[in-house]
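Contents: one structure, followed by commentary.
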Amino acid sequence: MTTVLTTLLSHYRRHPGQLVMLLLGLWVASALWSGIQAINATARDSYARADALFATELDQLERRDGATLSRDEYHALRQAGLPVSPLLEGNVVTQDGTRLTLIGIDPLTLPSENALGQAGTSSSLTAFLTPPWQTRVAPDALTALGLERGNAPGATPTLAEGGKLPPLTLSPALPPNTLIMDIAAAARLLASGEAITRLVAAPGALTTAPPDYTLTRATSLASPGQLTESFHLNLTALGLLALVVGLFIVQAALGLALEQRLGMLRTLRVLGVSGRTLVAALSLELLLLGVIGGLTGIASGVWLARWLLPDVAATLGSLYGADVGQTLSLPWQYWMGGLAVSLGGLLLAGSGVLWRAARLNVLSLGQMQAWRSGFRRQLTLMSIAGGLAAAIGLGLTLWLAQQPPGDGLLAGFGVVAALLLASALWLPPLMALTLKGLTHLARRRPLTQWALADMQLQLPRLSLAMMALLVALATNLGVGSMVGGFRVTFLDWLDQRLVAPLYINAPADQYDAIDTWLADRPEVSERLLTRRSETTLLAIDTPDESRSLSLAIDLYGITPGESLTPHWPLLNTLDDRPSAWAAFDNGAVFVNEQLATAENLSPGDRLTLRAPNGNETLTITAVYPDYGNPSGQVLMASHQLAARFEAPPSSMGLVLHENANVEALRNALTTRFGLSNDAISDQREIKRIATEIFERTFTITRALNVLTLAVASLALLASLLAQARSRRQQLAPLWALGVPRAQLARLNLAQLGGAALATGLLAIPLGIAITWGLVAVINVAAFGWRLPLHLFPGEMAVTLATAVGVALLAAALPALRFWRASPRALLAEETHQ
Amino acid sequence: MTARLIRLVIMSLILPLAALSGCGSDERAEQSAGFAGLGQDAEGFQQAAPNQALTFPDDFPHEHAAHPDYRIEWWYLTANLEDVSGEPLGLQWTLFRQALMPPSERPEPTPWAADQLWMAHMAISQGEQHQVAERFGRSHSQAELSQSHDAQAGVVASPFHAWLDDWQLQASADADDDAFSPLTLTAYSGEGASRFGYTLELTAEGPLVFHGEEGFSQKAANGQGSMYYSQPFWQIEGDVTLNGETKAVSGRGWLDREWSSQLLDARQSGWDWFSLHLDDGHKLMAFQLRGGGDDSADTEQGAAYRSGTWITPQGDASPLATDDITLTPLATSTVAGRDVPTRWRLEIASVAIDLNIEAPHANRWMDTSVPYWEGEVRVNDRASGEPMGEGYLEMTGY
């Protein structure tokens, strides 16, 4: 057995290129796959920590007028019998500039099952409550504090502004970037005096809100895990694609290695090695390769994940408000799973090889023609399988068409996958057919005819690499168009929504004074006050049905003045835009696309919302796009929101006359009302931040996309290089017949360039179909918004050029070698034949 | 919104953690420092001693207020009541104070900073029912306290007001500023059908009673003890809510006031404490601390240390010496997985009484952060079996 294995492996000593290609394929495939899995595992761990006790989420009590709560107010509520607990929230900045969330709690009143399972004498509670207090922190945050895990417990890191944190205690169950300490210690660090950020109570502990307060129930809000599910599904799909493309390479390499060892295998069989032993030896070879490739792949995957994670974490933070740790946290299942996927993939890719080795005919000789007839059967099978995939895709599309929008994320991926599979499977039969047709057409031009016939002979080996290239090109095009289209739409939308050059973000109780003061300023032409609140959507009345539910939603109030209404983007209105806005001013509402999609709402439907003074039933007159917002939102006029829901002001946009001195107004506002520096922001700043968030959202998508294309190009290059030697065998006789070398080299380049061009051309419609699947099905289900289909001809041209460029590059090296080969070597090829 | 919610959720994470990390050390503390750490070393605190004799009326009302320089203190009310249909009903309301550090280590009284930890227990018992609730609070003894909204919990002497949140014992509206009677007690817990609690009017029908040597009550043979006085003569009227239903009640109550810095000897594991209203108008307080007595018992903990006070209907108190009291457990019941003596024999030689004391319902376990048994008892003459009175029994360390 050992001898058989050594003999088999000796092949790779003579052809190290093949070994490199095999390992490269395995390495790339498992690196991309395991990198993405590492990111997902880390994010899930972070969610799990935040989710762990979601069952005990809390109701919140806030002042109706938005004013700050104070300590004696809290005592008064407790003494009136309300089981509320104070929370103090703020940010602290570490010396390396990281912003950490600081939360001060009162463990004595915080509702929790059996909260104080300890006596008042417990040393840990005393340490938490008394100087020097304690900081509970997850190990993820230690890097930001400049600490190693080993010396963290008990350390008292100094903050950027000079304050010191109380001694640290590690709590791995806490979400990343969060510090928890006693409210007394937090109040000192934040210098917040008697102020409280919010009051919380156990769910349902308060039956009604006391006068002057609003009660927000911790109802059916989705956990970050659910919200981000779609994002991770997107990542996983990309990872799977990378794995498949990588395995294409592996299969090509394995096929080649077997083809070249057929003679050796026959010799071994003739020498008495049983078929079973041979298969076992080949399996062992696969296992060996799999373990090496898989392990290196996983190691690189972890590195890749570490590189991408900050962007992923930032995206999840800005899109969903979910905190994800910046350091990888990988359970043992991850490592086993990664290796299992690599080995499983390799086995799948190698199963064909094993099957052929097992049925090896001892007597038959390796013949290209025999191979070709086998390939014909294979082409038929591919066409049938491709048809099957297409049928599945079509079926899924039909099914999806009958589903309400927003459903069927998995089915959407299914459609895209089926489309890709069908196209990939149809590519070789299609090419074979085209070549056959062209050969027929070129029967008067012998050299062209030869080239086409030769191409048919090369097709079996090239087809896999071409399939990989097709899949990668189409995906690249699809994802590229989706991201580009989103970018165009998003920036437009941002321009339409941000009409004021200045935005004020002041404490809620200052807006009245600011508004009065601004009313007399000549340079201010319009004041756009916004208000925000939260409530529960209780019922929906549509012409067809009426249903009740309990859904937490955001309320957003805007001032529908002359500067806002002409630009504010609307997707869908009841009548025309002017009448929608007129109704809006009189108390009708608009809903965002996310809410409309999730609850299947359209203009004309009526919503019943919980309001402080009884429920409010309001009519929807329009749906508006609201990119980047994970939750459902109801929009109404600011003055209506104030009157009906007692919502506090949240910001104010200032529309200024031309030639107004922005800087002077800004300074006057800051000094007059004692506002902090970041209380007034200009439009450019807000746009910059929004664009930055957007860019980060797609960094990973783009990075993976480019990597996938690179892998596919590598696959093509590898397959062409692998057969470079045999190409010389094919070309030498033509040279001997008098065809000049230059022409032969050109012919060679034209063959491959043509094949790549055909693949690239097929990739374009496929890419458009994928874009459609992404924007119209997957995005709606994943994010709740639909994007217009944008196509970018420039990008398509680049894609096409990439395909041809890669093919020419790959063909150039063998061509160059042929060009440089001495006549003697070429003649030797001839005699060899 | 989501981010905010996540943050809220985090909150609930920390407490179980704190509880878990606290558990192990707690158990050790209980073993080495008596029940609930009450035998912990009290260095830096003021110590209760015989030379701090309480005198009436000079020391009052200010002794009713908190003594933050001492480590522990309580305001402890038990009541044996009857509802309108004659059904007996027991209740308890206790406010515990514990200093978090000796006076010299107190933090500055910045907002929220605390040097006092408060804990309140309430219980209502009727038949097989036993409803218990617990609250916690914090305060700083040096913070300005001009109105009750300035602190979550506290006790002021004049006009008397002891509170933790809405659980409050305070001088009735028509009482004089310095008076300790009549008092109004309110405490409620739960919502809807599970709501329970009480609003009671307490009127003292006798004087305050000082235990031990003019209020210094020795608790161990080594001389450790506490300052301890009672008001055993409460007449109580009011309303009790149980299972969401409210009914009128009336009966007798007993309020204990006790503060010290080291209540137990480190060798003492718990106590059995009786406060009895006898039908002839006498009151009897008797306790035994298990361990910490003289070395007559051949155990590591030492013999039980007993003490008590015999109170005449007029309020004259005679301290009872440890060898004057014989206390014998007669039967145990299994409550909350523990064997607790629920029938006792109590003999006081000097006043020639021999009593059978029995808890009619054994399930009076207080499943609070510091668990103990606290419930109503019936008193019978041991020889004749004649009913002689009622009272409350508290047992800790089982």
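The values are calculated or read from the model by the stated rules, or taken from the named source; none is laboratory data. What you see is a predicted model; the values in this text were computed from it and never measured. Cβ placement follows ideal geometry from the backbone for every residue including glycine, while neighbour counts extend to all protein chains displayed. Please note that ligands, DNA and RNA were not included when accessible areas were found on the heavy atoms of the full protein model with its side chains. Shrake-Rupley method; radii C 1.70, N 1.55, O 1.52, S 1.80 Å.
Among DSSP bridges having both ends in the protein assembly as shown, what percentage is antiparallel? Round to the nearest 5.
Numbers: 206 of 223 bridges.
Given both bridge residues lie in the protein assembly as shown, the antiparallel proportion sits at roughly 90 percent.
Restricting to bridges with both residues inside region A:58-217, how much of the DSSP beta-bridge set is antiparallel, in percent to the nearest 5? Provide the component values of the computation, followed by the final result.
Working: 23 of 31 bridges.
Bridges in region A:58-217 are about 75 percent antiparallel.
With only Lys, Arg, Asp and Glu charged, each at its Cβ (+1 for the first two, -1 for the last two), find how big the charge dipole of region B:33-395 is about the Cα centre; round to the nearest 20 debye. Intermediate results must be reported in sequence, preceding the final value.
Numbers: 20 positive and 55 negative charges, 154 e Å.
Magnitude of the dipole: close to 740 debye.
R0 = 35 Å: FRET efficiency of B:LEU145 with A:ALA513, Cβ-based, nearest 0.05?
Approximately 0.50, to the nearest 0.05.
So, by mean Cβ neighbours within 10 angstrom, what's the order for A:15-24, B:103-112 with the highest one leading?
A:15-24, B:103-112
Evaluated at 25 °C with a viscosity of 0.890 mPa s, what Stokes-Einstein diffusion coefficient in µm²/s does region B:33-395 have when Rh comes from the Kirkwood expression over alpha-carbon pairs? It would help to have the intermediate numbers written out before the result.
Values: Rh = 20.9 Å.
Approximately 118 µm²/s, per Stokes-Einstein.
Give me the inter-chain shielding for A:70-82: mean count of other chain Cβ atoms within 10 Å, whole number please.
Working: counts 2, 6, 5, 1, 3, 11, 3, 3, 10, 11, 2, 8, 2.
That works out to 5 on average.
Taking the Cα centre of chain A as the origin, how large is its charge dipole in debye, to the nearest 20, when only Lys and Arg (+1) and Asp and Glu (-1) carry charge on their Cβ atoms? Let's see the in-between values first.
Working: 57 positive and 58 negative charges, 1271 e Å.
Dipole magnitude for chain A comes out near 6100 debye.
Between A:ALA710 and A:ILE384, with labels modelled 7 Å along Cα→Cβ, what's the label distance in nm to one decimal, could you check?
4.0 nm
What order do you get for A:262-273, A:527-538, A:420-431, A:727-738 when each peptide is scored by the mean count of other beta carbon atoms within 10 Å, highest first? Walk me through the numbers before you get to the answer.
Values: A:262-273: 14.5, A:527-538: 20.4, A:420-431: 22.2, A:727-738: 16.1.
Per-residue Cβ counts within 10 Å, averaged per peptide and sorted highest first, yield A:420-431, A:527-538, A:727-738, A:262-273.
Which whole number gives the average, over all residues in A:125-134, of C-beta atoms from other chains lying within 10 Å of the residue C-beta? Provide the component values of the computation, followed by the final result.
Numbers: counts 10, 5, 4, 5, 8, 9, 8, 1, 2, 1.
Neighbouring Cβ atoms belonging to other protein chains average 5 per residue here.
Take the Cα of A:LEU433, step 7 Å along the line toward its Cβ, and report every residue of region A:382-414 whose backbone nitrogen sits under 16 Å from that point.
Within reach of a label on A:LEU433, which here means backbone N under 16 Å from a point 7 Å along Cα→Cβ, region A:382-414 contributes A:382-391.
I need to check one value: relative contact order of region A:507-674, counting alpha carbon pairs closer than 8 Å and at least 6 residues apart, in percent. Before the final figure, lay out the partial values.
Numbers: 315 pairs, mean separation 54.9, N = 168.
That works out to 33 percent.
What's the extension gain from B:GLU386 to B:SER350 if we count 0.36 nm per residue and subtract their Cα-Cα distance? Could the numbers behind the result be given before it?
On the way: separation 36, 0.36 × 36 = 12.96 nm, distance 2.08 nm.
Difference between extended and current length: 10.9 nm.
Go ahead and set up a Gaussian network model of chain B, Cα springs under 10 Å, then flag whichever of B:LEU100, B:LEU330, B:LEU355 fluctuates most.
B:LEU330
Would you give the gap between the C-alpha center of region A:742-805 and the C-alpha center of region A:567-599, rounded to a whole Å?
38 Å
Averaged per residue, what accessible area in Å² does region B:247-398 show with a 1.4 Å probe, protein chains only? Intermediate results must be reported in sequence, preceding the final value.
On the way: 5710 Å² over 152 residues.
It amounts to 38 Å² per residue over region B:247-398.
Taking the C-alpha atoms of the protein assembly as shown, how large are the radius of gyration and the largest Cα-Cα span, Dmax, in Å?
Cα radius of gyration and Dmax of the protein assembly as shown are 41.2, 139 Å respectively.
Taking the radius of gyration and the Kirkwood hydrodynamic radius from Cα positions alone, what is the Rg/Rh ratio for region A:58-217, to two decimal places?
Values: Rg = 16.5 Å, Rh = 16.6 Å.
Checking Rg against Rh, the ratio lands at 0.99.
Note down the net charge around B:THR322, summing +1 for each Lys or Arg and -1 for each Asp or Glu among other residues with Cβ under 12 Å from its Cβ.
Details: positive: B:LYS219, B:ARG306; negative: B:ASP294, B:ASP323, B:ASP324.
Result for the local shell: -1.
So for each of A:158-164, B:258-264, A:606-612, A:353-359 I average, over its residues, the number of other beta carbons within 10 Å; can you give me the resulting order with the highest mean first? Mind showing how you got there, number by number?
Working: A:158-164: 12.1, B:258-264: 25.3, A:606-612: 19.3, A:353-359: 15.4.
Most protected by this proxy first, the peptides run B:258-264, A:606-612, A:353-359, A:158-164.
Averaging sequence separations of C-alpha pairs under 8 Å and six or more residues apart, then dividing by the length of chain A, give the relative contact order as a whole percent.
Details: 1332 pairs, mean separation 135.0, N = 833.
RCO, chain A: 16 percent.
Using Cα pairs under 8 angstrom and six or more residues apart, how large is the relative contact order of chain B, in percent?
14 percent
Per DSSP helix of 4 or more residues, -39500 (n - 2.57); summed, then divided by the residues of the protein assembly as shown. What does that give at 222 nm, rounded to the nearest 500? If you can, show how the numbers build up before the last one.
Details: 23 runs with 517 residues, N = 1231.
One gets -14500 deg cm²/dmol as the mean residue ellipticity at 222 nm.
Report, in whole Å, the centroid distance computed from the Cα atoms of region A:141-181 and region B:360-398.
Using only Cα atoms, the two centres lie 50 Å from each other.
Inverting the mean 1/r over all pairs of different Cα atoms, compute the Kirkwood radius of region A:507-674 and quote it in Å. Before the final figure, lay out each step's value.
Values: mean 1/r = 0.0587 Å⁻¹.
That comes to 17.0 Å for region A:507-674.
So, in nm, how far is label A:VAL662 from label A:ALA643 when the simple model puts each one 7 Å beyond its Cα toward the Cβ?
Going by the 7 Å Cα→Cβ label model, 3.4 nm.
Looking only at other chains, what is the average number of their beta-carbon atoms within 10 angstrom of each beta-carbon in B:107-119? Walk me through the numbers before you get to the answer.
Values: counts 7, 2, 0, 6, 12, 18, 10, 7, 3, 0, 7, 2, 4.
Mean partner-chain Cβ count within 10 Å for B:107-119: 6.
Using a 7 Å offset from the Cα along the Cα-to-Cβ direction at both A:ALA801 and A:LEU757, what is the distance between the two label points in nm, to one decimal?
About 1.6 nm, to one decimal.
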